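Single-structure report; data block below.
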Ligand SMILES: [Zn+2]
């Protein structure tokens, strides 16, 4: 992606270097659990995000010393966020709506959000409760090493996907789906979760469409996003982790579905066409 020398977003909150203490249950303990929907980039156990828990060390004011590589990555992420602001402000305006820009929190090790405390192992996530995206930049390396999905646009897709959850929150979709959670069995709710996630992939594709319009895409970018979308499919992750798949437990969709909805968004470039909830086949 063409990004060097371009302006970053004003909505980046740098909390790196403050998460060293890890995550511990707060005094209130488990009794204070609030059922807030949280959107992790990866499937797996959301128990890693502890409602009612707090990170044990957020107080240090020592500035984080970043490496040259981390600095560049932070700048890149900031430009991507700025690009999502431009695209979604425009698309919302076309619908007569106002786009409220989310904040992107950079952290290391562990972080406190309105959805609970989280360690970096959960991967990037979005919390509707504070409308913030949380990313430990080491995920870029993880994409490359663990998921064999290298490249700057793989990371851009991750951010655009989380911003997609923010779009769902502004459109009221997150709230509607969250309301279903207490009424449905885990398996039934998982089906809604998959539709949510595929819609976020669609919205990431919509964003990529507008990046193409602005001539910011380089050859290979879309392939990088597709490789990442494929690598984080539930079937792929489960096969790798346990050797078999349990479709009822899917929360994010298969590799094939994730690629397909990203592609659909990329081809359409509009909010319409992304109604995964009423699509007959996914
Ligand atoms: Zn997601």
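Read the figures in this text as sums done on the coordinates, not as results from a lab. Note that the structure is predicted; figures quoted are calculated from it, not measured. In this analysis, Cβ positions are derived from the backbone assuming ideal geometry, glycine residues included, and neighbour counts consider all displayed protein chains.
The orientation-averaged projected area of the convex hull spanned by the Cα atoms of region 172-270 comes to 7.1 nm².
Ranked highest first by average number of other Cβ atoms within 10 Å, how do 203-214, 142-153 line up? Before the final figure, lay out the partial values.
Values: 203-214: 22.1, 142-153: 17.5.
So the order, starting with the most tightly packed, is 203-214, 142-153.
Between rounded, prolate and oblate, where does region 98-151 land on the alpha carbon gyration tensor, with a ≥ b ≥ c its root eigenvalues, rounded for a/c under 1.5, else prolate if a/b exceeds b/c? Note, shape of region 98-151 comes out oblate. How high is the FRET efficiency from residue 2 to residue 62, r the C-beta distance, R0 41 Å, rounded to 0.05? Efficiency at R0 = 41 Å is approximately 0.75.
Region 220-274 and region 111-159 have Cα centres spaced 16 Å apart. Report, for the chain, the % of DSSP beta bridges that are antiparallel, rounded to 5. Beta bridges within the chain, antiparallel portion: roughly 65 percent.
Extending 7 Å from the Cα toward the beta-carbon at both residue 144 and residue 131 defines two label points whose distance is 3.5 nm.
Once R0 is set to 35 Å, what does the formula 1/(1 + (r/R0)^6) return for the Cβ-Cβ distance between residue 239 and residue 86, expressed as a FRET efficiency to the nearest 0.05? Walk me through the numbers on the way to the answer.
On the way: r = 38 Å, r/R0 = 1.08.
Calculated transfer efficiency: 0.40.
Rounded to the nearest 500, the helix-only mean residue ellipticity at 222 nm of the chain stands at -14500 deg cm²/dmol, with each DSSP H run of n ≥ 4 adding -39,500 (n - 2.57). For the chain, the spherically averaged projection of the C-alpha convex hull amounts to 14.8 nm².
The P(r) of region 153-214 has a tail past 15 Å containing 53 percent of all C-alpha pairs. Fully extending the segment from residue 100 to residue 184 would add 27.2 nm, taking 0.36 nm per residue of separation and subtracting the current Cα-Cα distance. If you plug the beta carbon distance of residue 13 and residue 218 into 1/(1 + (r/R0)^6) with R0 = 41 Å, you get a FRET efficiency near 0.90.
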